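Inspection log for the structure reproduced underneath, given as structure tokens.
The values are calculated or read from the model by the stated rules, or taken from the named source; none is laboratory data. Just so you know, these numbers come straight off a predicted model, no measurement behind them. Quick reminder, even Gly has a Cβ in these numbers, built from the backbone with ideal geometry, and neighbours come from all protein chains shown.
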Amino acid sequence: MNGVTGRMGQNQHLIRSILAIRTAGGVRVGDDLVIWPDPILVGRSEDRLRALAAKHGVERWSTDLARCLDNPDDTVYFDAQHTAQRPAALEAAIAAGKHVYCEKPTALDLATSLRLASLARSAGVKNGVVADKLFLPGFVKLRRLVDSGFFGRILAARGDFGYWVFEGDLEPAQRPSWNYRAEDGGGIVFDMFCHWRYLLDHLVGPVEAVSCLGVTHIPTRYDEQGRAYAATAEDAAFATFAVEGGAIVQLNSSWVTRVYRDDLFTLQVDGTHGSAVAGLFGCRAQHRSATPRATWNPDLPNSIDFRGGWQDVPDNQPFDNGFRTQWELFLRHVVLDEPFPWDLFEGARAVQLAELALRSWHERRWVDVPGLEA
Ligand SMILES: NC(=O)c1ccc[n+]([C@@H]2O[C@H](COP(=O)([O-])OP(=O)(O)OC[C@H]3O[C@@H](n4cnc5c(N)ncnc54)[C@H](O)[C@@H]3O)[C@@H](O)[C@H]2O)c1
């Protein structure tokens, strides 16, 4: 596991996924079969790795990736490094015959992400990319509504993602400083549009075109050492997507907005027969037959409790941490050859949307999203 001293690697992948799986006794896949992940933590800093391993009782760690890749007993390479570091490490792991699983984006340009997908295919190794938002309870329930035909014809969707990321002077920033430097692979478009690709494809329909406007609202931020730096990457992006079948999706992505909604990300889907709003955990729906009669009258205060007219979609199933759920599916894919659709090729499609959104912004025009052949 490479990049586990970082925010995502440590919290979501090591602690909440692999260590949680070990605490639960592994992934039981049959009466007499358990998949038991045995991680080796890989990174650049001996001190940090040693401390992390000791804190969590992990026996193996190393600063020598090449040597780890030489060990035939370690069969899966996982990467949650800073994005710019990922392609070379994935390529080395694939060349060493490892199955690979990694964070998004897989690379910072489409050509490289496609190359990784094709290298993995030629090498015949299993491969996967994180698509965690699909496993959040709110979006699992939204998908259930889609599958049940609840919406009728989906007309439009509107998503609001974001929160205030502190500049780092008054309070420390909640995100790493490289996120705000374009030269280091930062920017909210590459960070979030990878998620938008799989979410929209999965929930609303295949994305056909994108129009995007990015902006850097806060030009100076303060890094992990408290030093001022120029924020060269966009910290907000306002995008519209045209989806196959005619639905229109608008998504705001912002690290410079203060939250006045139920969650850090909410997505409202409007269809001819019903609407729903999903957040990370919850999903509320309103059927056509329960839609209140709203009439515009500026002379009277509004008398309708609009929020009161929505119904909670029940869980109806237990939910685990989404990263862990996807890890378990990937491990089953590796060991049992079960299907795992979120492969490096899907990862490339995500990178494609981010790249085309940036093109739309820089060229100030709508950009088509051509199909990619696997
Ligand atoms: N799935 C999600 O929701 C989600 C959310 C945030 C970030 N991410 C992705 O996870 C990856 C890591 O993001 P993070 O927020 O954990 O970042 P982070 O800065 O906290 O961690 C980066 C990790 O990469 C390592 N690294 C190796 N070479 C590096 C270099 N030259 N410069 C900086 N770090 C280097 C660091 O030591 C650290 O372990 C990114 O690719 C990011 O896009 C995914």
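Taking region 37-66 as the range and being touching a Leu at 6+ places or on another chain (Cβ under 8 Å) and either modelled with pLDDT under 95 or within 13 Å of the ligand (Cβ to nearest atom) (or both) as the test, the residues that pass are Leu41, Val42, Gly43, Leu49, Leu52, Trp61, Thr63. Condition check: aromatic (Phe, Trp, Tyr), touching a helix residue (DSSP H, G or I) at 6+ places or on another chain (Cβ under 9 Å), more than 16 Å from the ligand (Cβ to nearest atom) and under 18 Å from Asp368 (Cα atoms). Does Phe190 satisfy that? No.
Looking only at residues that are in a helix (DSSP H, G or I) and hydrophobic (A, V, I, L, M, F, W, C) in region 37-52, which one is nearest to Leu19 (Cα to Cα)? Show your work before the answer.
First pass over region 37-52, keeping only residues in a helix (DSSP H, G or I): 46-52.
Pick out the ones that are also hydrophobic (A, V, I, L, M, F, W, C) and you get 49, 51-52.
Working: Leu49: 15, Ala51: 16, Leu52: 12 Å.
Going through the qualifying residues, I end up with Leu52.
Yes or no: region 4-14 includes at least one residue that is within 16 Å of the ligand (Cβ to nearest atom), in a helix (DSSP H, G or I), within 28 Å of Phe135 (Cα to Cα) and of a type in the set (A, V, I, L, M, F, W, C). Among the residues of region 4-14, at least one is within 16 Å of the ligand (Cβ to nearest atom), in a helix (DSSP H, G or I), within 28 Å of Phe135 (Cα to Cα) and of a type in the set (A, V, I, L, M, F, W, C), which makes the answer yes. Suppose the filter is among the polar types (S, T, N, Q), farther than 21 Å from Thr5 by Cα and touching a residue at least 60 places away in the same chain (Cβ under 8 Å); does Ser113 pass it? So Ser113 passes the test.
Scanning region 50-64 turns up no residue that is among the acidic types (Asp, Glu) and under 21 Å from the mean Cα position of the chain (by Cα). With respect to Val189, determine if the residue is buried (at least 16 other Cβ atoms within 10 Å of the Cβ), in contact with a strand residue (DSSP E or B) (Cβ under 6 Å, 6 or more places away or on another chain) and not acidic (Asp, Glu). So Val189 fits the description; yes.
Being touching a residue at least 12 places away in the same chain (Cβ under 8 Å) and not hydrophobic (A, V, I, L, M, F, W, C) is the filter here, so list the residues in region 123-148 that pass it. Once the filter is applied, which keeps residues that are touching a residue at least 12 places away in the same chain (Cβ under 8 Å) and not hydrophobic (A, V, I, L, M, F, W, C), region 123-148 yields Lys126, Asn127, Gly128, Asp132, Lys133, Pro137, Gly138, Lys141, Arg143, Arg144.
Of the candidates Arg365, Arg359, Arg349, the single residue that is among the basic types (Lys, Arg) and outside any helix (DSSP H, G or I) is Arg365.
Pairs, please: C-beta under 8 Å, at least 6 apart or cross-chain, first residue more than 21 Å from Ser253 (Cα to Cα) and in region 224-238, second among the basic types (Lys, Arg) and assigned to a strand (DSSP E or B)? The qualifying pairs are Ala228/Arg221; Tyr229/Arg221.
Answer yes or no as to whether Val34 is in contact with a helix residue (DSSP H, G or I) (Cβ under 8 Å, 6 or more places away or on another chain), away from the ligand (no atom under 14 Å from the Cβ) and outside any loop (DSSP other than H, G, I, E, B).
no
Listed by first and then second residue, the pairs linking a residue in region 179-192 that is aromatic (Phe, Trp, Tyr) to a residue that is more than 7 Å from the ligand (Cβ to nearest atom), with Cβ atoms under 7 Å apart and 6 or more places separating them unless they lie on different chains, are Tyr180/Gly186; Tyr180/Arg221; Tyr180/Ala231; Tyr180/Ala233; Tyr180/Asp235; Phe190/Leu108; Phe190/Ala354.
The helices (runs of 4 or more DSSP H) falling completely within region 74-153 that include 1 or more residues that are within 16 Å of the ligand (Cβ to nearest atom) and of a type in the set (S, T, N, Q) map to 110-123.
Quick check on region 192-228: of everything there that is among the aromatic types (Phe, Trp, Tyr) and assigned to a helix (DSSP H, G or I), which residue is surrounded by the most Cβ atoms within 10 Å (Cβ to Cβ)? So, considering only residues that are among the aromatic types (Phe, Trp, Tyr) and assigned to a helix (DSSP H, G or I), the one surrounded by the most Cβ atoms within 10 Å (Cβ to Cβ) is Phe193. The selection criterion, being more than 15 Å from the chain's Cα centre (by Cα), within 16 Å of the ligand (Cβ to nearest atom) and not polar (S, T, N, Q), does not hold for Tyr198.
Being closer than 20 Å to Leu264 by Cα, of a type outside the set (D, E, K, R) and under 18 Å from the mean Cα position of the chain (by Cα) is the requirement here; does Val129 meet it? Walk me through it before giving the result.
Details: closer than 20 Å to Leu264 by Cα: no; of a type outside the set (D, E, K, R): yes; under 18 Å from the mean Cα position of the chain (by Cα): yes.
Answer is no for this residue.
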